[in-house]
1. Yes or no: THR196 open to solvent by 20 Å² or more (accessible area, probe 1.4 Å) and either within 15 Å of ligand 2 (Cβ to nearest atom) or closer than 25 Å to GLU94 by Cα (or both)?
2. Restricted to region 106-128, and to residues that are surrounded by 21 or more Cβ atoms within 10 Å (Cβ to Cβ) and of a type outside the set (A, V, I, L, M), which residue is farthest from LYS162 (Cα to Cα)?
3. What are the residues in region 152-207 that are among the acidic types (Asp, Glu) and under 12 Å from the mean Cα position of the chain (by Cα), if any?
4. Here are the criteria: (1) open to solvent by less than 20 Å² (accessible area, probe 1.4 Å); (2) within 16 Å of ligand 2 (Cβ to nearest atom); (3) of a type in the set (D, E, K, R). Tell me which single one LYS89 does not satisfy.
5. So LEU137 clears everything in (1) crowded, with 20+ Cβ neighbours inside 10 Å; (2) over 24 Å from LEU169 (Cβ atoms) except one condition, right? Which one?
6. Across region 11-42, which residue is farthest from LEU78 (Cα to Cα) among those that are open to solvent by less than 10 Å² (accessible area, probe 1.4 Å) and polar (S, T, N, Q)?
7. Looking at region 89-108, which of its residues are touching a Leu at 6+ places or on another chain (Cβ under 9 Å) and either farther than 30 Å from GLN232 by Cβ or of a type outside the set (Gly, Ala, Ser) (or both)?
8. Condition first: at pLDDT 95 or above and away from ligand 1 (no atom under 16 Å from the Cβ). Now tell me which residues in region 68-102 satisfy that.
Amino acid sequence: MSATPLQALIFDVDGTLADTESAHRAAFNHAFAELGLGWEWDEALYTELLHISGGKERILHYWQTSQPELRELEAMALQDTVNRLHELKTAAYESAVNDGAVSLRPGVLKLMDEALAQGLQLAIATTTSPVNIAALLRRAVGPDWRLNFTAIGDASTAPIKKPHPQVYLQMLAALKLKPAECLAFEDSSNGLRAATAAGLATLITPTRYTAQHDFSAAMRVVPDLSQIDLAQLRRWHAQSQHPARVAATR
Ligand code: XBP
Ligand code: MG
């Protein structure tokens, strides 16, 4: 039985394209200070809060769990403040990225270039805000960064956040490809669950924020993409489609 050829790579953003969560955490804390809330998310707390995908969802979760008496407050009033905080946070994060606070992880650009040179399509599937993607890739790839991607799914197009597969299902539809024709790249358990639920074999590159997550459903876990080329991906992709055959050859 011949393997289905690999035709597209679908990348998560935060933690996968770049190790961004320290810059996100600083931006959240900047927004809290701007509104005089006295909240401070240290690295240990933020590592826990990252189990909630989406910055707005993360702020609301923290607020409701740290101050349960707020439940009586009108939900609309809460959401208005969350939205305002997230606007301030996103502006602070964009400014930090524009100042060079984050760079792409090792091997990401080389692998993207190799994939494009061999005629594969690229897509992005993230829960982050579109302005964050543009700030990161405009600086890392250049002003025409968007031309490299067939499709981009983000917080503005996929409101149901990971681990729900919505953003990956949208990207498969946009690519006009089956899951078996693609590979997903992720850094977190929420991302792995979302990609796996969409039927995608997934390569994991953890960060220190996600090193303890459960990656048992991953096609492979590697420290980063610096030693990964397209030939290796094609081998792992073929094996992922016929695990029984791989087991038999062990
Ligand atoms: C990770 C997230 C995002 C970022 C913060 O996204 O869950 O919420 O932590 O960005 P990814 P926003 O799917 O790329 O790993 O504040 O814009 O949500
Ligand atoms: Mg991620």
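1. Yes: the conditions hold for THR196.
2. GLN121
3. Listed by number, the residues that qualify are ASP154, GLU186, ASP187.
4. Against the list (1) open to solvent by less than 20 Å² (accessible area, probe 1.4 Å); (2) within 16 Å of ligand 2 (Cβ to nearest atom); (3) of a type in the set (D, E, K, R), LYS89 comes up short only on (2).
5. Among (1) crowded, with 20+ Cβ neighbours inside 10 Å; (2) over 24 Å from LEU169 (Cβ atoms), the lone unmet condition for LEU137 is (2).
6. Looking at the filtered set, the residue picked out is THR16.
7. Hits for region 89-108 are VAL97, VAL102, LEU104, ARG105, PRO106, VAL108.
8. Passing the criteria: ASP99, GLY100.
The values are calculated or read from the model by the stated rules, or taken from the named source; none is laboratory data. Because the structure is predicted, anything quoted here is derived from the model rather than measured. Cβ sites come from the backbone with ideal geometry, for glycine too, and all protein chains shown count toward neighbours. With ligands, DNA and RNA removed, areas are computed over all heavy atoms of the protein, side chains included. Shrake-Rupley method; radii C 1.70, N 1.55, O 1.52, S 1.80 Å.
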